[in-house]
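**Student:** Submitted below is the structure of interest, expressed as structure tokens.
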Amino acid sequence: MEIEYNGHSCFTIKTSLGTIVTDPFGEEIPYPVRELRADIVTVSHEHFDHNAVSRVKGSPYVIKTVGEHKHNGILIRGFQAFHDKNKGSQRGQTVIFIIGAENLKVCHLGDLGELLDESQIKMLGDIDILLIPVGGFFTIEPEEAKILAEKIKPRIVIPMHYKTDYIKDWNIKPVEEFLRGISFPVKRINSSKVTINEEDRPLSTEVYLLKI
């Protein structure tokens with residue numbers, strides 16, 4: 001499985017069964033434009049920086065809802081969560097997606113705005129790769145993201161949705177605030193892409209910071 005970070009909450013996940021793109025952002029988000037092509041697109045919620053499906057080529061199968069979805073042998077399950085700490089009254093809902101392929105489970109937390117409780121974490125099950133927002137304000141704060149990662153205990157944590165030079169004016173925090181004092185080893189990958197196989201997963205949780 002190859003995971004490429006396109007910026008914000010958008011990843012391209014290439015598997016032997018097909019390619020998934022998560023939360024494609026609109027042209028208003030000034031990350032470098034990469035060609036996005038997929039068999040499946042997941043959209044965690046209908047905000048412009050997460051739902052630009054029209055930018056993805058290949059006539060993809062689009063998944064926006066909770067429940068179980070299967071396409072070309074790829075199983076994707078969606079779970080409801082909230083975009084804020086007030087049960088969605090400020091920013092609405094978001095969908096957490098778990099993507100299963102090649103004996104790996106990838107969890108994309110979308111714009112999660114609240115800490116999950118123990119029953120929600122149990123519902124997610126064992127996660128291999130956790131794609132987690134860490135910038136705060138619109139999502140959980142960096143310290144909350146640390147707590148959640150420690151509770152979920154995936155093999156790999158990949159931060160997303162944080163301040164960069166491309167979105168320096170956004171009222172969110174840089175990834176270093178999440179990494180500061182974190183209890184897991186941090187691998188700074190000098191690429192936007194990383195290949196992860198079932199047999200070479202780390203034995204305990206590590207953070208992979210992908211380059212944008």
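The values are calculated or read from the model by the stated rules, or taken from the named source; none is laboratory data. From a predicted model like this one, the values you see are computed outputs, not experimental measurements. So basically every Cβ, Gly included, is an ideal-geometry build from the backbone, and we count neighbours across all protein chains shown.
**Student:** Quick one: Ser59 ticks every box in (1) modelled with pLDDT of 95 or more; (2) over 30 Å from Arg188 (Cβ atoms) bar one, so which box is it?
**Tutor:** With respect to (1) modelled with pLDDT of 95 or more; (2) over 30 Å from Arg188 (Cβ atoms), Ser59 is out only on (1).
**Student:** Let me ask something else about it. Within the range 7-19, work out how many residues are modelled with pLDDT of 95 or more and within 12 Å of the chain's Cα centre (by Cα).
**Tutor:** The total comes to 4.
**Student:** Continuing with this model, one more query. Could you count how many residues in the range 33-52 are touching a Phe, Trp or Tyr at 6+ places or on another chain (Cβ under 8 Å) and not aliphatic (A, V, I, L, M)?
**Tutor:** Of the residues in the range 33-52, 6 are touching a Phe, Trp or Tyr at 6+ places or on another chain (Cβ under 8 Å) and not aliphatic (A, V, I, L, M).
**Student:** Just name the residue that is modelled with the lowest pLDDT out of those in the range 189-212 that are acidic (Asp, Glu) and in contact with a strand residue (DSSP E or B) (Cβ under 8 Å, 6 or more places away or on another chain).
**Tutor:** Residue satisfying both the conditions and the ranking: Glu198.
**Student:** From the list Ile132, Ile121, which residue is of a type in the set (A, V, I, L, M, F, W, C), touching a helix residue (DSSP H, G or I) at 6+ places or on another chain (Cβ under 8 Å) and surrounded by fewer than 19 Cβ atoms within 10 Å (Cβ to Cβ)?
**Tutor:** On the way: Ile132 fails: surrounded by fewer than 19 Cβ atoms within 10 Å (Cβ to Cβ).
Step by step, each of Ile132, Ile121 is checked, and only Ile121 is of a type in the set (A, V, I, L, M, F, W, C), touching a helix residue (DSSP H, G or I) at 6+ places or on another chain (Cβ under 8 Å) and surrounded by fewer than 19 Cβ atoms within 10 Å (Cβ to Cβ).
**Student:** Looking at the range 42-68, I want the residues that are under 15 Å from His108 (Cβ atoms) and free of Cβ contacts under 8 Å to residues at least 60 places away in the same chain and have a partner that is exposed (fewer than 15 other Cβ atoms within 10 Å of the Cβ) and of a type in the set (S, T, N, Q) with Cβ atoms under 8 Å, at least 6 apart or on another chain. Which pairs are those?
**Tutor:** Val66/Gln80
**Student:** Right, something else. Go through (1) without any contact (Cβ under 8 Å) to a residue 40 or more places away in the chain; (2) closer than 26 Å to Glu198 by Cα; (3) out of contact with any helix residue (DSSP H, G or I) (no Cβ under 6 Å at 6 or more places or on another chain); (4) not small (Gly, Ala, Ser) and name the single condition Tyr162 misses.
**Tutor:** (2)
**Student:** Quick one: Thr22 ticks every box in (1) more than 15 Å from the chain's Cα centre (by Cα); (2) within 22 Å of Trp170 (Cβ to Cβ) bar one, so which box is it?
**Tutor:** Result: Thr22 passes all but (1).
**Student:** Would you tally the residues in the range 20-65 being outside any loop (DSSP other than H, G, I, E, B) and either of a type outside the set (Ser, Thr, Tyr) or surrounded by fewer than 21 Cβ atoms within 10 Å (Cβ to Cβ) (or both)?
**Tutor:** Qualifying residue count, the range 20-65: 14.
**Student:** On the basis of being farther than 30 Å from Glu27 by Cα, among the basic types (Lys, Arg) and either more than 16 Å from the chain's Cα centre (by Cα) or exposed (fewer than 15 other Cβ atoms within 10 Å of the Cβ) (or both), does Arg201 make the cut? Don't jump to the end; show me each part of the working.
**Tutor:** Details: farther than 30 Å from Glu27 by Cα: yes; among the basic types (Lys, Arg): yes; either more than 16 Å from the chain's Cα centre (by Cα) or exposed (fewer than 15 other Cβ atoms within 10 Å of the Cβ) (or both): yes.
So Arg201 fits the description; yes.
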